[in-house]
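A.B. asks: I'd like to ask you about the structure that follows.
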Amino acid sequence: MHFQNTYAWLILISSLDIMLTWKILDRGGMEVNPLAAIVIDAWGMQGAIAFKYALMMWVILACEFLARMRGNAGRLLAYTAVVVSATPVVWSLFLLAVHEFSPGTLD
């Protein structure tokens with residue numbers, strides 16, 4: 001593996017995204033990502049977890065493939081994946097911080 005530390009960050013941040021999404025939905029919020037909303041509606045949080053980890057695996061495989069062909073492109077994709085995955089985590093933390101923790105307030 002070329003970027004093990006970056007992949008560990010990707011897995012951590014993606015796991016936080018799943019946990020925070022569950023917490024927001026549990027408190028009456030809604031999923032704003034249309035694709036994730038479809039997955040959650042169809043298969044629940046278990047489906048969302050499977051979808052998220054499958055997507056992470058696909059990104060890691062793409063990074064590894066790119067790293068073998070063009071090392072810098074693989075590194076850039078890995079770093080970009082971490083930053084993109086961190087965006088909803090930061091937003092979710094913001095929502096949880098500014099709203100009261102009663103059901104129905106995170107819409």
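A.B. asks: Taking R0 as 25 Å, what's the FRET efficiency between GLN4 and ASN72 from their Cβ-Cβ distance, rounded to 0.05?
C.D. replies: Values: r = 17 Å, r/R0 = 0.69.
E(calc), rounded to 0.05, equals 0.90.
A.B. asks: I've got another one for you. For the Cα atoms of the chain, what angle does the longest principal axis make with the long axis of helix 4-26, in degrees from 0 to 90, nearest 10?
C.D. replies: With rounding to tens, the tilt is 10 degrees.
A.B. asks: When the accessible area of region 25-107 is split by element with a 1.4 Å probe, what percent falls to carbon and sulfur? Each step should come with its number before you reach the end.
C.D. replies: Details: 3950 of 5650 Å².
Carbon and sulfur: 70 percent of the exposed surface of region 25-107.
A.B. asks: Got the relative contact order for region 1-73 handy, in percent, Cα pairs under 8 Å and 6 or more residues apart? Each step should come with its number before you reach the end.
C.D. replies: Details: 25 pairs, mean separation 25.6, N = 73.
It comes to 35 percent, rounded to a whole number.
A.B. asks: First select every other residue whose beta carbon is under 15 angstrom from the beta carbon of LEU77; then total the charges, Lys and Arg +1, Asp and Glu -1. All intermediate terms of the calculation are to be shown ahead of the outcome.
C.D. replies: On the way: positive: ARG68, ARG70, ARG75; negative: GLU64.
For residues surrounding LEU77, the net value is +2.
A.B. asks: Continuing with this model, one more query. Where only protein heavy atoms count, and the probe is 1.4 Å, what is the accessible area per residue for the chain in Å²? Provide the component values of the computation, followed by the final result.
C.D. replies: Numbers: 7030 Å² over 107 residues.
I get 66 Å² per residue for this part.
A.B. asks: Then there is this: Return the distance in nm (one decimal) between the two label points of a simple spin-label model at THR80 and ASP41, each offset 7 Å from Cα along Cα→Cβ.
C.D. replies: 3.0
A.B. asks: Expressed in nm to one decimal, what extension gain is obtained for the pair GLU64 and ALA50 from 0.36 nm per residue of sequence separation less their Cα-Cα distance?
C.D. replies: Details: separation 14, 0.36 × 14 = 5.04 nm, distance 2.10 nm.
Between GLU64 and ALA50, full extension yields an extra 2.9 nm.
A.B. asks: Mind checking the dipole of the chain: about its Cα centre, +1 per Lys or Arg Cβ, -1 per Asp or Glu Cβ, Debye to the nearest 20?
C.D. replies: Working: 6 positive and 7 negative charges, 103 e Å.
Dipole size: approximately 500 debye.
The values are calculated or read from the model by the stated rules, or taken from the named source; none is laboratory data. It should be emphasised that the depicted structure is a prediction, and the values quoted were computed from it without experimental measurement. In this analysis, Cβ positions are derived from the backbone assuming ideal geometry, glycine residues included, and neighbour counts consider all displayed protein chains. The protein model used for the area step is the full one, side chains on, heavy atoms only, and it has no ligands, DNA or RNA in it. Shrake-Rupley method; radii C 1.70, N 1.55, O 1.52, S 1.80 Å.
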